[in-house]
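Since the structure comes first, as structure tokens, the remarks are kept for the end.
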Amino acid sequence: MAGNEKPSPPDQMGCAHVLCGNGRAAGRIQYVVLDRDGTLIRHVPYLSRPEQVEVLPGVVAGLAELRKAGCKLFLHTNQSGIGRGYFSLEEALSCNEEMLRQIGLGAQLFERVCVAPEAPDQPAEYRKPSPKFGAELIEKYKLKPRDLCYVGDNVSDLLTARNIGCHGIGVNTGLHDLRLLLREQQLDDGFPVFESFLDAVSHVLAHDQVIA
């Protein structure tokens, strides 16, 4: 697999991995895949400058709660600006580093990171809603789809969850009204949507594997 994160030497396409252990607890979701732009940080179109990174309200507290509960965290972000030639992989990774610095929960907060650089008109390998990264996590950690949850502000995050067969939770914290987008695509009955990241985390932790 090609790689896109500094803890392992990255190629220009695909996902690289930050590996920090492998523990499981039965009966609850323990593996959470998070979107970046509009979910963890303010969505700036084609973000490439670390000084533009701004962690959204409730994110630090929510991530701390997930970690306290023993959840393994992953990052899966579409960065089509790389494929379009707007910025480099290194610039995207520098924004990841600044996000982690602002969050303050350690440089290895995420077990694995997938940066999907494909533009929409390029063959999709990891670009959401591709299920490839999630499928690799299921294989790597010996999971069932119900053990995994995707959280994001975009329809593509939730369609990724659907394509994997895992849980999908929306946060209405991005550029567009996620509820409206889901309604327009007749998907509004398929996924819970919350107005803040912290509310979404509370839902994950309160409802374990009964999440719709």
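Bear in mind these aren't lab numbers, they're just calculated from the coordinates by the rules spelled out. From a predicted model like this one, the values you see are computed outputs, not experimental measurements. Glycine also receives a Cβ, built like all others from the backbone with ideal geometry; neighbour counts cover every protein chain displayed.
Observations on the model:
- Highest-first arrangement of 70-83, 179-192, 113-126, where packing means the average Cβ count within 10 Å: 70-83, 113-126, 179-192
- Its Cα gyration tensor gives the stretch 37-174 an equivalent ellipsoid; the semi-axes, largest first and in whole Å, are 22, 20, 13.
- Positive-end extreme of charge dipole, the stretch 38-94 - chosen from GLY70, PRO45, SER80 (charges on Cβ): GLY70
- Entries of LYS68/LYS144; LYS72/LYS142; LYS72/LYS144 with Cα pairs more than 19 Å apart: LYS68/LYS144
- Whether the stretch 99-195 is rounded, prolate or oblate, judged on the alpha carbon gyration tensor where a/c under 1.5 counts as rounded: rounded
- Two-decimal ratio, the stretch 140-212, of alpha-carbon radius of gyration to 2.2 N^0.38 Å: 1.06
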